[in-house]
Amino acid sequence: AGGRTLRPAAVILATGVRRRRLHVPGEDALLGRSVRFNAGDDLEAYRGARVVVVGGGDDALVHAAQLAPVARGVTVLHRSAPLRARLALASQVRADPRITLVSGAVVTSFEGEPSLRAVHAQTPDGDRRFEADVAFVCAGPVPNGEGFGVARAPDGAILVDRLQRTSRAGVFAVGDVCCSEAPTVSTALGHGAVAAKAISALRDGTLREDDPSLDRDELRVRGLCLPARVGAYAREVGVEQTLRFDLTFMIDARAAAQVDRVERTLDYAAAAEVIREVLGRRHHHLVETVAHVVASELLARFGVAEVTVAVTKVDVP
């Protein structure tokens, strides 16, 4: 930085995201002119234009809905058969006669110089040419997470734990670069507060980077009700009753985040199936026995640090 080398105690990566490019012929030459990422506020600039929107998510369909009233026509080219946008928005766009949806379309090139004349795409009906005056590429964001030497998810987002720590000691990440699920200002502000507090705690010694308690996340399942043959009284032998299970799992969230492997966390449906297997084997006299056997099976079957199992008979105090 200005010829100086900085040696901070911690670094926060807040590098955000960038627009996804298509990397097809003609895109570079027209980008920023007839090929754009955003329509902006002046929709009148597109009055009477033939518009092509590339993408099937919320951003793409919002563009289509906003431009339909002023454009000569809007064509939406999207790869997946079902639109990725939220249902209400997709329904609105499908009902608009001014918007044409083309599914299974992969853009192959942009035609025209210095202005766009057409968009070429591979579709289920073969190669097609869509005449256009302007095209909006709304193919989603790409996290700016490259080059930092930290673990990343398949979509490029930086993986963090609950204190916003990355896989690299002293390096934190906040905001869109580590949160594809909710890329919002409010999310980023929350991340920043968490990271700042964690760094402050590291500095004053109240938090250790190697503190194992920080690597544990608590996952809870409440009110799982399953039929069981249980009870010590003669009237209960062979009779099915309903048991309620409240489960608490401690998992190594940091290890799971660093490798992005689902088997490092917990499959709730698989856990429920284990309990069904235990209950289906035999009649149990005591719910305490059921809890003990279920806990043992869950610990043996899943890589969890610990599990707490509470079992009660439904409608029995």
- Query: Using the beta-carbon distance between Asp267 and Gln66 and R0 = 41 Å, what value does 1/(1 + (r/R0)^6) give for FRET efficiency, to the nearest 0.05?
  - Reply: 0.50
- Query: What residue among Ala139, Ile199, Ala232 has its Cα farthest toward the positive end of the dipole of the chain, where the charges are +1 on Lys, Arg and -1 on Asp, Glu, each on the Cβ?
  - Reply: Ala139
- In whole angstrom, how far apart do the alpha carbon centroids of segment 105-173 and segment 283-297 sit? 51 Å
- For Glu306, list long-range residues whose amide hydrogen, built 1.01 Å from N in the peptide plane, is under 5 Å from its own amide hydrogen. Met250
- Message: How much length would be gained if the chain were fully extended between Tyr233 and Arg220, taking 0.36 nm per residue of separation minus their Cα-Cα distance, in nm to one decimal?
- Response: 1.5 nm
- Query: What accessible area per residue, rounded to a whole number of Å², is obtained for the chain using a probe radius of 1.4 Å?
  - Reply: 54 Å²
- Item | Gain in span if fully extended, Arg301 to Ser180, counting 0.36 nm per residue against the direct Cα distance | 40.5 nm
- Query: Counting alpha carbon pairs within less than 8 Å and at least 6 residues apart, what relative contact order, in whole percent, applies to the chain?
  - Reply: 15 percent
- Two-site label geometry, Lys313 and Ala196: point separation in nm, points 7 Å out along Cα→Cβ: 5.5 nm
- Hey, any idea what % of segment 70-210's accessible area is carbon plus sulfur with a 1.4 Å probe? 53 percent
- What label, among (i) 145; (ii) 132; (iii) 221, belongs to volume of the Cα convex hull per residue in Å³ computed from the structure on display? (iii)
- Task: Report, by chain and number, residues whose modeled amide H sits under 5 Å from the one on Ala39, excluding near sequence neighbours (fewer than 5 apart, same chain).
- Result: none
- Output the DSSP H helices from the chain with an along-axis C-alpha extent of no less than 27 Å and a mean Kyte-Doolittle hydropathy no less than -1.0. 185-204
- Message: If exposed means no more than 12 neighbouring beta carbons inside 10 Å and the site is in a DSSP loop, what's the longest run of the chain without any exposed GluC sites (Glu not before Pro)?
- Response: 1-145
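The values are calculated or read from the model by the stated rules, or taken from the named source; none is laboratory data. Owing to the predicted nature of the structure, the values given are computational and were not obtained by experimental measurement. Please note: Cβ atoms are built from the backbone with ideal geometry, for glycine as well, and neighbour counts cover all protein chains shown. For the accessible areas, the whole protein counts, side chains as well, though only heavy atoms, and no ligand, DNA or RNA atoms are used. Shrake-Rupley method; radii C 1.70, N 1.55, O 1.52, S 1.80 Å.
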